[in-house]
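What follows is one structure encoded as structure tokens, with my remarks underneath.
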Amino acid sequence: MFVDKSRIYIKAGNGGDGAVSFHREKYVAAGGPNGGDGGNGGNVIFRTDPSKNTLIDFRYAQHYRAGNGAKGEGGFCRGKNGEDLVISVPKGTIIRDYDTGGILADMFYDDQEVIVAYGGKGGKGNARFATSTRRTPGFSQKGVITEEHSVILELKTIADVGLAGFPNVGKSTLLSRVSAAKPKIANYHFTTLSPNLGVVRYHDDSFVMADIPGLIEGAADGAGLGHEFLRHIERVRLVVHVVDISGMEGRDPVEDYFKINQELSTYSEKLASLPQIVVANKCDCVYDIEDVIARFERETGAKVIRISAITGEGIRDLVELIGKKLEDIPKVAPMEFEPFEYAKEDNNSYDISVDEDGAYVLTGGLIDMLVRNIVLDDLDSFRYFQKTLRDKGVIKALKDMGATDGDVIRIEDTEFDFVE
Ligand SMILES: Nc1nc2c(ncn2[C@@H]2O[C@H](COP(=O)(O)OP(=O)(O)OP(=O)(O)O)[C@@H](O)[C@H]2O)c(=O)[nH]1
Ligand SMILES: [Mg+2]
């Protein structure tokens, strides 16, 4: 199965609530507040894993949640922080926000780690609210509730060299020849369904070669999953264009050559302009090889390197040529983008629903934030609360929904009357 694009849901951990607790001891009449803070929620972190080359894991598991922070406890005990959740992805994975398409991260480097969703902060315990005039605060702060986000993971392989060509021309066989990679090789089309990477040694150095699935006519318009496959040669710096020179499948190598180049340029200017080495594979099957090569070079205007991925003929020269050519081509750089970031706290969203008893129920990040920070039965605080609701348009929204003076507004367990 071919998976190089997946949608998953991630959620950082909620912050734990602060505790309300008072010191109790024999013979001590009114103990002071000793409620501890809640723990912070865990972050959702993405990490590159060089041993992965597909996003297949994400097809089966779609929900990812970091640990919640624990509640604070009496005796000034702070709740435990929630555990971070680390999600491993193949190198070259681009992470986008589903709703906006904004790019959250380009997982370009080995062992790169990016925090994509931050855990909610734990709430303060009542011990923190004690003042000289408020000796026994009967309230604490709630932990921040985090939102779930939907993200798209998209793999765009990063390699120095990409092998392009029709199915069955011997791309995987070539990769297995020049590197320790063990891609599946078989005599049918579309044997390779996700990119295989191999490290090719070149003197004291090395380069990475990606064997991508075969392309067919119309690939750039999506034929044979072509769109998905072409994505994987966008981030290489040299294309090794493999043709089956034997024409043993009844195809014409010259025609094949032009068709593949056509697909590359239809897909993008960039692919078309990448430096290319043309390789004539399966030379071992051709009786009049000199003539065939001469015709190919004459009709295409391209210079070809003759190889046989099966017998090994020409392979060493090919590696030399690739290595030498790479010396003059700049390395692939990560994508340039304005990073999209999730708000660490959602302090703006709100939602209004109507309960069975007719009360208007307020929920959402804005409401949570207000409730966390405001003591609703304190008059000054309550005024501030109302002003904020007005400023943020909640009062107007309630009016638009038909709320009139005296209607019940409910927030969690607290109720108050609507006043315009
Ligand atoms: N005679 C001969 N056969 C070859 C050569 N290279 C590959 N083959 C055969 O061609 C068939 C296809 O080889 P693969 O390496 O799987 O081809 P591919 O281009 O990766 O194919 P897809 O993954 O389907 O795109 C296999 O049966 C190979 O054994 C060669 O140099 N000579
Ligand atoms: Mg293959």
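The values are calculated or read from the model by the stated rules, or taken from the named source; none is laboratory data. These numbers come from a predicted model, not from an experiment. Methodologically, a virtual Cβ is constructed for each residue, glycine included, from the backbone with ideal geometry; neighbour enumeration extends over all protein chains shown.
If I ask for residues that are at positive phi and within 16 Å of ligand 2 (Cβ to nearest atom), which ones from the range 213-228 would you list?
Hits for the range 213-228 are 224, 225.
Among the strands (runs of 3 or more DSSP E) contained in the range 43-108, which hold 1 or more residues that are among the hydrophobic types (A, V, I, L, M, F, W, C)?
44-48, 85-89, 93-97, 103-107
Mind checking which pairs have a first residue in the range 143-166 that is of a type in the set (Lys, Arg) and a second that is part of a strand (DSSP E or B), Cβ under 9 Å, 6 or more apart or different chains?
As it stands, the answer is 156/93; 156/94; 156/106, since those pairs meet every condition given.
Test residue 140 against the criterion of being polar (S, T, N, Q), within 16 Å of ligand 1 (Cβ to nearest atom) and crowded, with 17+ Cβ neighbours inside 10 Å, and give yes or no.
No, not satisfied.
Return yes or no: is residue 167 within 16 Å of ligand 1 (Cβ to nearest atom), in contact with a Phe, Trp or Tyr (Cβ under 6 Å, 6 or more places away or on another chain) and farther than 30 Å from residue 85 by Cβ?
Considered against the rule, which asks whether it is within 16 Å of ligand 1 (Cβ to nearest atom), in contact with a Phe, Trp or Tyr (Cβ under 6 Å, 6 or more places away or on another chain) and farther than 30 Å from residue 85 by Cβ, residue 167 comes out as yes.
Considering the range 174-202 alone, what residues qualify as being touching a strand residue (DSSP E or B) at 6+ places or on another chain (Cβ under 9 Å) and either part of a strand (DSSP E or B) or within 20 Å of residue 306 (Cβ to Cβ) (or both)?
174, 175, 176, 178, 179, 196, 197, 198, 199, 200, 201 - these are the residues of the range 174-202 that are touching a strand residue (DSSP E or B) at 6+ places or on another chain (Cβ under 9 Å) and either part of a strand (DSSP E or B) or within 20 Å of residue 306 (Cβ to Cβ) (or both).
Can you pull out every residue in the range 171-212 that is on the phi > 0 side of the Ramachandran plot and either more than 10 Å from ligand 1 (Cβ to nearest atom) or surrounded by 24 or more Cβ atoms within 10 Å (Cβ to Cβ) (or both)?
Listed by number, the list holds a single entry, 203.
Might you check whether a residue that is of a type in the set (A, V, I, L, M), at pLDDT 90 or above and surrounded by fewer than 17 Cβ atoms within 10 Å (Cβ to Cβ) occurs anywhere in the range 237-257?
No, the range 237-257 contains no residue that is of a type in the set (A, V, I, L, M), at pLDDT 90 or above and surrounded by fewer than 17 Cβ atoms within 10 Å (Cβ to Cβ).
Please go through the range 315-335 and pick out each residue that is of a type in the set (Asp, Glu) and either closer than 18 Å to residue 204 by Cβ or in a loop (DSSP other than H, G, I, E, B) (or both).
If the condition is that a residue be of a type in the set (Asp, Glu) and either closer than 18 Å to residue 204 by Cβ or in a loop (DSSP other than H, G, I, E, B) (or both), then 320, 327, 328 are the ones that fit.
Looking at (1) aliphatic (A, V, I, L, M); (2) in contact (Cβ under 8 Å) with a residue 24 or more places away in the chain; (3) away from ligand 2 (no atom under 13 Å from the Cβ); (4) touching a Ser or Thr at 6+ places or on another chain (Cβ under 6 Å), can you tell me which one residue 199 breaks?
(2)
Pairs needed: first member in the range 206-221, part of a loop (DSSP other than H, G, I, E, B); second member anywhere, more than 16 Å from ligand 2 (Cβ to nearest atom) and modelled with pLDDT under 85; C-beta distance under 6 Å; at least 6 residues apart or different chains.
So the pair list comes out as 216/223.
Got a sec? Which of 327, 297 is without any contact (Cβ under 8 Å) to a residue 12 or more places away in the chain, surrounded by 12 or more Cβ atoms within 10 Å (Cβ to Cβ) and among the acidic types (Asp, Glu)?
297
Can you name the condition, by its number, that residue 182 falls short on among (1) more than 10 Å from ligand 2 (Cβ to nearest atom); (2) of a type in the set (D, E, K, R); (3) in contact (Cβ under 8 Å) with a residue 12 or more places away in the chain; (4) within 28 Å of residue 275 (Cα to Cα)?
Unmet for residue 182, out of (1) more than 10 Å from ligand 2 (Cβ to nearest atom); (2) of a type in the set (D, E, K, R); (3) in contact (Cβ under 8 Å) with a residue 12 or more places away in the chain; (4) within 28 Å of residue 275 (Cα to Cα): (3).
Identify, by number, the condition in (1) within 30 Å of residue 115 (Cα to Cα); (2) modelled with pLDDT under 85 that residue 376 doesn't meet.
Unmet for residue 376, out of (1) within 30 Å of residue 115 (Cα to Cα); (2) modelled with pLDDT under 85: (1).
List, please: which pairs have Cβ atoms under 7 Å, are six or more places apart or on different chains, and start with a residue in the range 93-114 that is outside the structural domain of residue 232 (by TED's automatic domain parsing) and end with one that is in a loop (DSSP other than H, G, I, E, B) and charged (D, E, K, R)?
Taking only residues 6 or more apart or on different chains, the pairs are 94/156; 107/91; 110/91.
Which residues, counting only those in the range 284-308, are in a loop (DSSP other than H, G, I, E, B), more than 15 Å from residue 257 (Cβ to Cβ) and at pLDDT below 95?
286, 287, 288
If you take the residues in the range 130-168 that are β-branched (Val, Ile, Thr) and modelled with pLDDT of 90 or more, which one is nearest to residue 279 (Cα to Cα)?
161
Identify, please: which residue in the range 213-236 is more than 16 Å from ligand 1 (Cβ to nearest atom) and of a type in the set (A, V, I, L, M) and is, among those, surrounded by the most Cβ atoms within 10 Å (Cβ to Cβ)?
The extreme case among them is 236.
Consider residue 143 carefully, then state whether it is more than 16 Å from ligand 2 (Cβ to nearest atom) and in a loop (DSSP other than H, G, I, E, B).
So residue 143 passes the test.
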